[in-house]
């Protein structure tokens, strides 16, 4: 796979640089000050290829804190809110689009036995 | 159950210690991600959309209650309280933290479990029929042969860096419940004309972007030669398999490009050079492995006890569940019970920690402490006395694993899709959930009969869409989710790849299309007993294509 640094970057709109945090894999975004944040609102937004390239180059070099840095599209609302630019990024930001599994109501029999044991 | 020995325990414990050191070096910055990635993959650790994912092997789909409770503990302590059973007899945790992975692995290792060979370009965890050892139509327990092969290939230096991953399945029944033909290598125990038991050897199956069914390269292989023949196949693959193009690196491409006959000739040449050497079957070693698989001491019981008939007459829900989820056992008076992990609106294959604990308790009380995991993403209790079925059903029903939809249209195989997976182009789970809602009426699903829907969120085909009676493949078109629909695939002893019915449809129309296909089938079948897959075979794809696209 071509490294993000070797790819010819084409920007058709605003972008951010995103990755996963090394310690726990959480979705993070590159901030303008060189740090990382889990809040998309705090991400550095690039609107041209040169600044996107610079942002991702610095992010990839920060291998100790984040892994798999890449450029992701975003959209900006009129009041400047940053929103994910596609479904994949929406899911990365907000989590699965489905409810995570929960236990159905246990019958009293199983519940009592389980709790008695534990 | 398989009884682990000191060698197994030491191997797994040493791997945990090694990985703990590797994680520490990664977190300290001593290892870069490029250096660390192959090490984590050797232990089943992936990085997905939201977090790391830990894939843990469930050898031959066999679990003890103690092991299942440990899976529950890991889900609760290190993940978000649930696990996902996959199509290869694994469990995946989707929210694992790298910092905590060594402790999670140590917990798993305490019950003999690990993630070795669940990823990477090695021989992956070998799979079998989830009814191994209890199926009435079985010739021998295939797990013993699978374990023989597993012991030979685990950490084998020659096979640790294959051109690509290598999946082996072993079957032993007339009905294939292990999807043998979609594996890189499949071994099927059967009897030849002289009544001897040996293996049919099939090579070069696989799904993904270039699906192939495995070809038989040796119709009958004597048992004594199984290791040498597997070795010869792996060596041939290692020598000729492509390493220059990841999309052409699987053995299926090699078998296809060389031709099965030419491939088999290469294997035979290699095999004849080694077959009478150290790899010829050692009966004592084999007996030692066989002795590690312990079977319950069954009571002497009669089939169809009167109390079962009374209970069936008294409760139509119980009666419907027995019809659907209970299968014959090779021992009189016992049954194999499938636990559906496909409730209405649920995620196929997911189980909460509390459900795991409850199933473990039930297995202890009703199934000689044993649980099985099948590639259809359901569980089974393999040794249930038939007279216990009414009591067991009430408890399974209470924990949500007694939906009577086994092998029916809502018993959907689904990959995690874009909700979790970094490779996916489209979501799978919400599609499956919507279909289960559309077909929530049990009478409707029963009327449709056996009908398998398989869903994959990308071309890698973890959801086995090519071999679904109805296959659904998620693709991305201009940033939107679209789905290609196939019909006519199947993964059993008459395995077939499904045929595309037409252009991909948008996300919102997939469940409508499935309803259209189901309605067309009901109209087109010759009689109610004609299964969907047989109707497709008889009339082809065209009538379904017409029905689906007539108004689209």
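A short reminder: the numbers here are calculations on the coordinates, not readings from a lab. Keep in mind it's a predicted model, so treat the numbers as computed, not measured. FYI the Cβ positions are ideal-geometry reconstructions off the backbone, even for glycines, and counts take in every protein chain you see.
Below 8 Å, C-alpha to C-alpha, sequence gap of six or more: please give me the relative contact order for region B:142-291 in percent.
22
Starting from the Cα of residue A:64, move 7 Å in the Cα-to-Cβ direction to define the label point; list residues of region A:32-57 whose amide nitrogen is under 16 Å from there.
So the set is A:34-36.
Calculate I(q)/I(0) for region B:142-291 by the Debye formula, one identical point scatterer on each C-alpha and no solvent, and give its log10 at q = 0.11 Å⁻¹ to two decimals.
Once normalised to I(0) and log-transformed, intensities are -0.39.
How would region B:447-552 be classified by its alpha-carbon gyration tensor: rounded, prolate or oblate, with rounded meaning a/c under 1.5 and the a/b versus b/c comparison settling the rest?
Oblate shape, in that a/c is at least 1.5 and b/c is the bigger or equal ratio.
Could you calculate the contour length gain from residue B:297 to residue B:529, that is, 0.36 nm times the residue separation minus the distance between their Cα atoms, to one decimal place in nm?
Length gained, residue B:297 through residue B:529: 79.7 nm.
Grab the beta carbon distance between residue B:519 and residue B:323, set R0 = 25 Å, and tell me the FRET efficiency rounded to 0.05.
It comes to 0.55.
Classify the protein assembly as shown from the C-alpha gyration tensor, please: rounded if a/c falls under 1.5, else prolate or oblate depending on whether a/b exceeds b/c.
Rounded, because the longest to shortest axis ratio a/c is under 1.5.
If the label point is 7 Å along Cα→Cβ of residue A:38, which residues in region A:6-26 have backbone nitrogen under 11 Å from it?
A:21, A:24-26
Can you give me the relative contact order of region B:407-535 as a percent, contacts being Cα pairs under 8 Å and 6 or more apart?
RCO, region B:407-535: 21 percent.
To the nearest 0.05, how large is the calculated FRET efficiency for residue A:12 and residue B:209 if R₀ is 22 Å and r is the Cβ-Cβ distance?
0.20
Taking Cα pairs under 8 Å and at least six residues apart, what relative contact order does chain B come out at, in percent?
13
How do B:501, B:233 line up, fewest other C-beta atoms within 10 Å first?
B:501, B:233
Quick one: Debye curve from the alpha-carbon atoms of region B:1-108 only, equal weights, vacuum; give me log10 I(q)/I(0) at q = 0.18 Å⁻¹ to two decimals.
-0.93
When the C-alpha atoms of region B:306-398 are aligned to their principal axes, what extent does each axis show, in angstrom, from largest down?
Reported extents, whole Å, longest axis first: 36, 27, 22.
Using DSSP, restrict attention to beta bridges with both residues in region B:142-291 and report what percent are antiparallel, rounded to the nearest 5.
Percent antiparallel among DSSP bridges in region B:142-291 is about 75.
According to a simple spin-label model (label point 7 Å from Cα along Cα-to-Cβ), what is the distance in nm between residue B:18 and residue B:35?
Here the answer is 1.7 nm between the modelled labels.
Can you report the principal axis dimensions of chain B using only the alpha carbons, biggest first, rounded to whole angstrom?
60, 59, 58
Taking the Cα centroid of region B:258-312 and of region A:42-61, what is the distance between the two, rounded to the nearest whole Å?
For region B:258-312 versus region A:42-61, the Cα centre distance is 57 Å.
At a Förster radius of 41 Å, what calculated FRET efficiency corresponds to the Cβ-Cβ distance of residue B:539 and residue B:2, to the nearest 0.05?
E between residue B:539 and residue B:2, to the nearest 0.05, is 0.35.
List B:25, A:78 from most exposed to least, where exposure is judged by having the fewest other Cβ atoms within 10 Å.
Final ranking by Cβ density, sparse to dense: A:78, B:25.
Counting other C-beta atoms within 10 Å, which of B:144, B:246 has the fewest, and how do the rest follow?
B:246, B:144
Suppose only helical runs count, i.e. DSSP H with n ≥ 4. What mean residue ellipticity at 222 nm does that imply for chain B under -39500 (n - 2.57) per run, divided by all residues and rounded to the nearest 500 deg cm²/dmol?
-11500 deg cm²/dmol
Would you mind computing, in nm to one decimal, how far apart the modelled labels at residue B:244 and residue B:551 are, each placed 7 Å from Cα along Cα→Cβ?
5.3
On a C-alpha basis, how far is the centre of region B:388-407 from the centre of region B:449-527 in Å? Whole number, if you could?
Using only Cα atoms to place each centre, the spacing works out to 28 Å.
Hey, could you grab the Kirkwood Rh for region B:428-472? Inverse mean 1/r over distinct alpha carbon pairs, Å, one decimal.
11.1 Å is the Kirkwood radius here.
How big is the Kirkwood radius of region A:1-104, worked out from every pair of different alpha carbons and given in Å to one decimal?
Result for region A:1-104, one decimal place: 14.2 Å.
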